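The values are calculated or read from the model by the stated rules, or taken from the named source; none is laboratory data. Bear in mind that the values here come from a model prediction, so they are computed numbers and not experimental data. Here the Cβ is made from the backbone with ideal geometry for all residues, glycine too, and neighbour counts use every protein chain on show.
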Amino acid sequence: MPVTKEILDEIALSRAEYDMIVDRLDREPNPVELGMFGALWSEHCGYKHSRPLLGLLPSRSSRTLSQAGAENAGAIDIGNGLAVVFKVESHNHPSAVEPLQGAATGVGGIVRDILAMGARPIALLNSLRFGPPDSAANRRLLKGVVDGIGWYGNCIGVPDVAGEIYFDDCYAQNPLVNAMCVGIARIEDLASAAADRPGDVLLLAGAGTGRDGIHGASGLASRTFEEEQELRPTVQVGNPFLEKSLIEACLEALATGRVRALQDLGAAGLTSAAVESAARGGRGIALDINQVHRRESGMTGYEVMLSESQERMLLAAAPENVPAIREVFDKWDIVCRPVGAVTEAPYALVTDGAQPIASAPVAHLTDAPRYRLDGRPSADAAERQRLRLRDVPVPADAGATLLQLLASPNVASRQGVYRQYDHQVQTNTVVGPGAGDAAVLRIKGTSQAIAVAIDGNGRQCFLDPYRGAQMVVAEVTRNLSCVGAEPLALTDCLNFGNPERPEIYYQLEQSIRGMARACRALGVPVVSGNASLYNESQGTAIFPTPIVGGLGLLEDARRHCGAGFPEAGLAVVLLGADQLTARASDLAGSEYLNTVHGLVKGRPRIDLALERRVQGFCRRLIADGLAKSAHDCSDGGLAVAVAECCTLGNGRIDGSRTVGFVATDELTRNIPARWDAALFGEATSRILIAVELDRLGGILASADAAGVPATILGRTEGERMRIDGLLDLPVEDLAGAWFGGLNNALQ
Amino acid sequence: MRFGILVFPGTWSDTDCHHAVSGVLGQEADYIWHKADSVDGYDAIIVPGGFSYGDYLRAGAIARFSPVMGAVRDFADAGGLVIGICNGFQILCEAGLLPGALRRNGHLEYRCQWTHLRTESANTPFTSRCGVGQPLAVPVSHGEGNYYADASTIARLEEQGRILFRYCEPDGVVTDAANPNGSVDNIAGIINEGRNVLGMMPHPERSCEALLGSDDGNLIFGSMIDAVSAR
């Protein structure tokens, strides 16, 4: 078959990779086979550039139940015979082309990954990046993505409990839509995706197969893209109603004990689901595409094998168990048909009726080439890290700067977004979006709760990928610790530019090394994940943006903590620092530098040993009931954190009240000359807590004993935020700026 | 007592309602598949929230044709207690068991948030444990909860004391700002003329435990338990 560069481009294979396929098969592949190789060797499925690096990440702990990559998502033993399963995945390029369906099917896809583990999905999170909201195109993308997440998530009855949104120019052409799902199962009920028993029947359940999404994996997720128009037909269309029924039917079918293996159809559709199930089981598959139920007529074998139609699952079961399984799907009015069988010989054989249309060894299909490239920092990397305080002018007014930051799109409250998502369905949400640094979900039938959070900081990773990635891991675990949860495990989504460019590969490698270091220092494995490379347009890449989702555990659901100051008369203490510093490194990549001075510069730093001690001490205070609130200092620094705590106040449902703050005289006297760096710097490993005054002495003594530096900042009082000599603002004004900021930016 | 909880394809508050009436309030509860043609043996029926049939066409418009709805109508006609929550309210309106309709929220956005409901009448099997004027903290989660009925219907509901809940401030004062969806006269829940069928947009099953923020929803389910045991 004469294969042209155009054909190879369409399936995103290089000529060298094509030659490798010919070499392995000892013949030219036919078009169906070539499409299957293209999909499975795509970056999205084959992790050509990331897999060698992913091995650097610790993936096991005493609580891990599955090896990262061995199943569809990571599983963690939380005790009481229960497993929590979770994973984050990108749907960046589909969302750029068609934001509503792109984001919606991103949610649907990650939910099926969790379902494939035999777990009931109990929470959704998402991490989003867009270009600045002053452009109508970026606002349209944001609205479409939020609508898509809400439409799909609300309809399937899985609460959307936490997330983050950031804006930067670098995401204007390449928005990021990362969706995370968390599920729960009894450990003995966890399902496998390994089709390992020859003679088992393969059943395809769910939506009819159509022409939507063909080449999604190779085309959208694995290439840079310039001409979005031409790609529109490759975006999938979701049906959340069907997904909800599919969840119930699959869980009901699993409960019969008759399902041997379960696998979702995601990127690369039937090809990937069937071949990867066989690979996991060390077996082969025989598929007859004539048996695949379809939503359009006249589809070719190529189209059936590569369709990315949504809401489909593949099951393997012994022949005698098939009728009982089909009965369950019948009850839910879901089509479930035998489409093939598991075979002894490790070959993927695809037929159309009796006629063979593709045949290749499973190992050849799944063993994508792996590339280890030489990375090097870009020429201007060192210049970017050079930041001197004296080059940053001091603003005229601290109060005005604080209000400007609170209202800035990256800092302002996300209430206008998260209230469009059902965050309470399933009645487990103890701490929902906006109320604490992480969401807290109680586990019914136990006294436990889990906490979940998701974080990323592209700017810091851009400035120093090794340290920035450490900071991401530190921040997500810190957020878990701030609600009182012990971090157990992480999931990651690696959003980067084109790894074939040395400076991007450098970012990728350094970020993974940084994450690995922080994971070891903080004692958390990465148990699942996804890589989204090629996020660039016209030669400009996004910031290196590893997104990390975290899972934490509270043994007593009642012993959790919110972020807001609950009442007046409490002492406010900063854990993690014995004074307010004003170093250039504190400003590196800060929101203050970005918003007020239009700069992305500097070299951030982090002390992971200190981070670990601070988090552990914060958790202890919460478990002992001593911390009345806890909030980490991140975007906008200390002043923004205090303002947020004041604004959130007691957060009571029966009438929330804000609470003021007055700085101590000692703090006021010791504010560094560069008060801007002290108030708005983002030195890491700092947590703001409120404690009862008569407990303060004891708490400071135990902090000292635990090697945790602490500073008394002030007390909660009145209705103003006051740092004498610097700022004095009514909390009402802070709340107006913070709650109104995003809506105003989106008008 | 024994609650029957309807399950349509796309229903998602079924398990939440089960947990509330069974796990929290200790009553018997079963799920009733939408293809069932009888609801015999139950003391009360819950039509829970969700997106029955995806709410394609119009919220509740397809579910009303499910076989079980005929049985629910007979059950209601015989005086049985029926509570429709969120999508359940929409279904009961589509089925003609309650007057009016639920339109798209006035601001056109889905809303999930805590609301407060002013109890307008305590003289019903759903509110006997509440005081008149008592605010209940109960959350909403819907895109189409904007209750509408023509002026004469609203006047009749008012006159007959059938407007059971109005969105209000935490202190019980009914204001425009407290209305999450633009519903006529802040209406959050109404009952039928026989006073045995309640439809409400807010989710009382989500406010049955202090750990989740409020246990005011127990007053509604608890009133139903009282009504049944008083028979």
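Brief remarks follow.
- Residue in the range B:62-75 that is modelled with pLDDT of 95 or more, within 30 Å of B:C168 (Cα to Cα) and buried (at least 23 other Cβ atoms within 10 Å of the Cβ) present: no
- Taken over the range B:8-31, residues that are at the interface with chain A (Cβ under 9 Å from one of its Cβ atoms) and either outside any helix (DSSP H, G or I) or in contact with a helix residue (DSSP H, G or I) (Cβ under 6 Å, 6 or more places away or on another chain) (or both) amount to 7.
Here is a yes/no grid of residues against (1) within 13 Å of chain B (Cβ to nearest Cβ); (2) of a type in the set (D, E):
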{"site": "A:Y421", "(1), (2)": "yes, no"}
{"site": "A:D464", "(1), (2)": "no, yes"}
{"site": "A:Q470", "(1), (2)": "no, no"}
{"site": "A:V476", "(1), (2)": "no, no"}
{"site": "A:V483", "(1), (2)": "no, no"}
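- Residue satisfying condition, being within 28 Å of A:P377 (Cβ to Cβ) and not polar (S, T, N, Q), within set A:V572, A:V614, A:V596: A:V596
- In the range A:101-112, of all residues being more than 13 Å from A:V158 (Cβ to Cβ) and of a type outside the set (G, A, S), the one that is surrounded by the fewest Cβ atoms within 10 Å (Cβ to Cβ) corresponds to A:Q101.
- For the range B:111-127, a tally of residues being surrounded by fewer than 24 Cβ atoms within 10 Å (Cβ to Cβ) and either within 13 Å of chain A (Cβ to nearest Cβ) or β-branched (V, I, T) (or both) returns 4.
- Any hit, the range A:392-405, residues being part of a helix (DSSP H, G or I), crowded, with 21+ Cβ neighbours inside 10 Å, hydrophobic (A, V, I, L, M, F, W, C) and within 14 Å of chain B (Cβ to nearest Cβ): no
- Within the set A:I606, A:I653, the sole residue that is among the hydrophobic types (A, V, I, L, M, F, W, C) and within 14 Å of chain B (Cβ to nearest Cβ) turns out to be A:I653.
- Single match in A:A368, A:A382 (criterion: in contact with a helix residue (DSSP H, G or I) (Cβ under 7 Å, 6 or more places away or on another chain), modelled with pLDDT under 95, surrounded by fewer than 20 Cβ atoms within 10 Å (Cβ to Cβ) and away from every other protein chain (no Cβ under 14 Å)): A:A368
- Looking only at the range B:175-190, residues that are buried (at least 17 other Cβ atoms within 10 Å of the Cβ) and under 21 Å from B:N123 (Cβ atoms) come to 5 in all.
- Residue list for the range A:115-141, restricted to those being within 14 Å of chain B (Cβ to nearest Cβ), farther than 16 Å from A:E89 by Cα and either small (G, A, S) or surrounded by 24 or more Cβ atoms within 10 Å (Cβ to Cβ) (or both): A:I122
- Meets criteria (buried (at least 17 other Cβ atoms within 10 Å of the Cβ) and among the hydrophobic types (A, V, I, L, M, F, W, C)) for A:I11: yes
- Of residues in the range A:444-461 being in a loop (DSSP other than H, G, I, E, B) and either of a type in the set (D, E) or out of contact with any strand residue (DSSP E or B) (no Cβ under 6 Å at 6 or more places or on another chain) (or both), the one nearest to B:C112 (Cα to Cα): A:K444
- Condition met for A:N535 (outside the structural domain of A:I689 (by TED's automatic domain parsing), touching a residue at least 24 places away in the same chain (Cβ under 8 Å) and within 26 Å of the chain's Cα centre (by Cα)): yes
- Index of the failed condition, B:L211 passing every other in (1) over 22 Å from B:V82 (Cα atoms); (2) crowded, with 24+ Cβ neighbours inside 10 Å: (2)
- Condition met for A:S42 (in contact (Cβ under 8 Å) with a residue 60 or more places away in the chain, among the polar types (S, T, N, Q) and in contact with a strand residue (DSSP E or B) (Cβ under 7 Å, 6 or more places away or on another chain)): no
- If you go through the range A:575-597 and keep only what is part of a loop (DSSP other than H, G, I, E, B) and either at pLDDT 95 or above or of a type in the set (D, E, K, R) (or both), you end up with A:G576, A:A577, A:D578, A:R583, A:A588, A:G589, A:S590.
- When A:G569, A:G589, A:G564 are checked against the criterion of being among the small types (G, A, S), closer than 27 Å to A:W675 by Cα and out of contact with any Lys or Arg (no Cβ under 9 Å at 6 or more places or on another chain), a single residue qualifies: A:G564.
- Annotation: of all residues in the range A:296-312 being polar (S, T, N, Q) and out of contact with any strand residue (DSSP E or B) (no Cβ under 6 Å at 6 or more places or on another chain), the one that is nearest to A:I334 (Cα to Cα) is A:Q310.
- B:S38 being farther than 20 Å from B:T127 by Cα and buried (at least 24 other Cβ atoms within 10 Å of the Cβ): no
- Of the residues in the range A:413-428, at least one is surrounded by 20 or more Cβ atoms within 10 Å (Cβ to Cβ), in the same structural domain as A:L726 (by TED's automatic domain parsing), within 30 Å of A:I723 (Cα to Cα) and touching a residue at least 12 places away in the same chain (Cβ under 8 Å).
- Qualifying residue in the range B:67-79 (condition: within 14 Å of chain A (Cβ to nearest Cβ) and either in a loop (DSSP other than H, G, I, E, B) or in contact with a Phe, Trp or Tyr (Cβ under 7 Å, 6 or more places away or on another chain) (or both)): no
- Failed item in (1) out of contact with any Phe, Trp or Tyr (no Cβ under 8 Å at 6 or more places or on another chain); (2) part of a helix (DSSP H, G or I), with A:G602 passing the rest: (2)
- Only residues that are hydroxyl-bearing (S, T, Y) and either in a strand (DSSP E or B) or modelled with pLDDT under 95 (or both) were counted across the range A:106-140, and they come to 1.
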